[in-house]
Every structure is written in C-alpha cells, then in structure tokens.
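Written out below as structure tokens is the structure these notes cover.
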Amino acid sequence: MHHRIKALKYLTPFIFFIGASISFQTTGWMVWINMIIAWILVPVLELVFKPNPTNLETAEEELVKKDSFYDWILHLVVPLQYALLYMFLVSMQDPTLDTWDRVGRITVMGILCGSFGINVAHELGHRVNRYEQTLAKFLLLTSLYMHFFTEHNKGHHTRVATHEDPSSARKGEWVYLFYFRTIIMGFVSAWEIANNESRKKNGTAFSWKNEMIQFQLIQGAFLFLIYWFFGFFVLTCFLGAALIGILLLETVNYIEHYGLQREQLENGRYERAMPAHSWNSNHVVGRLMLFELSRHSDHHYLASRKYQVLRHHDNAPQMPTGYPGMMLLSLVPPLWFAIMNRRIEKQFAKIAA
C-alpha cells in the first residue's frame, strides 16, 4: 500500500491540465499560468532542491513494476488530452479575444501537445501490447507527429549517439539548426523504415498496411474534421499549438544526447548504447513533471523499463539542472556551449580512463 501512495506523486503533471482549463476560460495574465509554472516555477524549484540519485530496492522495484496503477495514470492522460483539446478549439472561436490571449492559449495548448501528447506517447509507445501502443498513437495525433512512433522506436533507439541519428545533436550544433535537421530527416527516416517494413511484409511500399501511409491519412482526416467543425482560423491555431509541441519535443531531443558519441567498431557497427550515451537528470521536480523522462540514460540502456522503475547510473553524464532549465539554456547557444562542452570533455576523459 505504501508504494501505491507514492504513485500518487505522478499525478503532479496533471496540474497542467488544470492550468489549461483555466487558460481556456479566462483572459489576461491567468491565460499564461502554465507558462509561469513550466518556465519559471519549476526551473527555480530545481535550483533549490538537490537531485536525488536513489534507486528503488530490488523487492520494491518488482512490486512497483507490476502495479497497474502506474499504467492507469498514463491511460488517463488520453481522454484528458482530448477533452482539453476540445476546450481549446471551442475557446478559440471567441471573437472577443485579443491577440495576447489567443497567443497565450495556443502556447498553453502547445505545452499539452509536447508534455502529454508526445512525452506520454513516448512512454506508451515502448510498451509491447497493442492497446497501449494505440493509446500512444492517439496522443501523437494531437501533435500531428505520429511518425515519431515509427522513427523513435525503430530508428532513434538503434542509431542514438551517432551521426546517422537525426535526433542526436552534435557538439557545437545550434538548437535552431538542429530543429531543421531532426524534423526533416526524422520524417524521412520514418518513411524509409515503414517502406522497408511494408516491402518485406506486403511486397510493396505502396500498401494500405504501410504504417506511414496510415498515419498521413489519419492526420489528414483529423485536420479536415477540425476545419469542418471549427473553421480555418481555429485550424491554424491548432497547427500553431502542434508546432510548439513538436519544438518542445525536439528541444528535449537536443539536450538528451548533445555531443555524446558511440564508438564505431572495426566491423562498421557501433558499440551498444550505454548509460554514458545519454544525458541524465535526477532533479526531482522535472522527473515528476515528465514521468521520469529525465532518467534518460537508463531508458536507452533498457528501453523496455517502465518509467516508475528507471534507475540512476553512476557513469551516466549528469545535467547541471533539470529538463525545463536545460531547455531554456539550450535556447542561448553561446551559454549552452560554454557550460555543456566542458562537461562533454570531462565525460570523454572519464570514459577513456
């Protein structure tokens, strides 16, 4: 029962659903409440609270891993995400809103697209049962990023921390240039993966069973429904929110593997992805808000491990603060390079030793 009570802490991110519901029904500074929480309150708290590298004991980990309550928390995100998306679409029809309020609501919906629509989809997309994988695709639809399911699981996890991976940022690469490379090449990569799979299973890439063809048809139909029921202006507002969600994801991708490189072996293959090939953060507030995504080193070491049992590894490179603070830092490239490039050099020296 004790571990079940501890599980309630993972309801903390739902504060963003509450904040969004307020934003979509009010005007003025309250519209921006989620922005204040995400980019001011959380980064400040992460500077105050020390990171916690503690791992669960073996017996407790076994209990926690099998507890379906942790799964139901993620499943609950799906109906809430769609409920808030509906509220957003309806609220943007209000002709009395000024530009500032409209921008605020779009930005707030964008946070939901990134933090729930893609982040929770990322966790569910790694599950082996079709039901949870389907929930992941439903969430990705709210950010128009369904190809992430294909590219992330079958591309990124294979090629992480190599120059062949669109989602791994290179040392000295500006985040703004990274956006173009990762978004475009990630989409191309997803098509290549899906086409190859379709050729093997169906004899041709042009098949209704091609996952990427399915995704584009679903997303096209979704956009048409929004246009049909809410009009062109609201559709453009949704596209703006989806873009913000995508940029949030890709900023996270940028900070997670920046400058880290797996060694290429004599046979042309790369060494196995280890905890040393992903930046890790044990800062507790960010861990809660993102369902332990910031324990990213262990996730790449063993992708099937559920979020509630992800572990700290002593040899994993550590971020100086949590994800929200690191994301803000990455937006100022000279400052980012000054701090992170030194850490990369120390990490490589540590590996060499």
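Set side by side, the residues Leu248, Leu288 differ, and just one is out of contact with any strand residue (DSSP E or B) (no Cβ under 6 Å at 6 or more places or on another chain), at pLDDT 95 or above and either basic (Lys, Arg) or closer than 27 Å to Ala38 by Cα (or both), which is Leu248.
For Arg105, the conditions (1) closer than 23 Å to Phe291 by Cα; (2) charged (D, E, K, R); (3) in contact with a Phe, Trp or Tyr (Cβ under 7 Å, 6 or more places away or on another chain) all hold with the exception of (1). When the test is whether a residue is free of Cβ contacts under 8 Å to residues at least 12 places away in the same chain, of a type outside the set (Val, Ile, Thr) and either farther than 25 Å from Arg102 by Cα or in a helix (DSSP H, G or I) (or both), Asn253 does not pass it. Looking only at residues in the range 281-299 that are of a type outside the set (Asp, Glu) and outside any helix (DSSP H, G or I), the one that is surrounded by the fewest Cβ atoms within 10 Å (Cβ to Cβ) is Asn282.
Across the range 22-40, the number of residues qualifying as loosely packed, with under 15 Cβ neighbours inside 10 Å, assigned to a helix (DSSP H, G or I) and not aromatic (Phe, Trp, Tyr) comes to 5. Of all positions in the range 3-21, none carries a residue that is under 25 Å from Leu139 (Cα atoms), part of a helix (DSSP H, G or I), more than 24 Å from the chain's Cα centre (by Cα) and of a type in the set (Lys, Arg). Of the helices (runs of 4 or more DSSP H) contained entirely in the range 129-212, those carrying at least 1 residues that are under 28 Å from Glu263 (Cβ atoms) fall at 147-151, 175-202. Scanning the range 300-322 for residues being free of Cβ contacts under 8 Å to residues at least 24 places away in the same chain and surrounded by 20 or more Cβ atoms within 10 Å (Cβ to Cβ) gives a total of 1.
Residues in the range 80-132 that are among the β-branched types (Val, Ile, Thr) and crowded, with 20+ Cβ neighbours inside 10 Å were compared, and the one that is farthest from Pro13 (Cα to Cα) is Ile106.
Listed by first and then second residue, the pairs linking a residue in the range 20-35 that is in contact (Cβ under 8 Å) with a residue 24 or more places away in the chain to a residue that is surrounded by 20 or more Cβ atoms within 10 Å (Cβ to Cβ) and of a type in the set (Asp, Glu), with Cβ atoms under 7 Å apart and 6 or more places separating them unless they lie on different chains, are Thr27/Asp101; Val31/Asp101. Does Leu239 satisfy the condition of being hydrophobic (A, V, I, L, M, F, W, C), closer than 24 Å to Leu331 by Cα and surrounded by fewer than 17 Cβ atoms within 10 Å (Cβ to Cβ)? In short, yes. The condition (being without any contact (Cβ under 8 Å) to a residue 12 or more places away in the chain and either touching a helix residue (DSSP H, G or I) at 6+ places or on another chain (Cβ under 6 Å) or assigned to a helix (DSSP H, G or I) (or both)) is satisfied by just one residue among Ala273, Ala221: Ala221. On the stretch given as the range 30-55, residues that are of a type in the set (Phe, Trp, Tyr) and at pLDDT below 95 total 1. Pairs needed: first member in the range 75-93, of a type outside the set (Val, Ile, Thr); second member anywhere, not in a helix (DSSP H, G or I); C-beta distance under 6 Å; at least 6 residues apart or different chains. Close Cβ pairs (under 6 Å, with a partner that is not in a helix (DSSP H, G or I)) amount to Gln81/Thr142; Leu85/Thr142; Met87/Phe24; Phe88/Phe24; Ser91/Phe24.
The values are calculated or read from the model by the stated rules, or taken from the named source; none is laboratory data. Keep in mind the model is a prediction, meaning the values are calculated, not measured. Methodologically, a virtual Cβ is constructed for each residue, glycine included, from the backbone with ideal geometry; neighbour enumeration extends over all protein chains shown.
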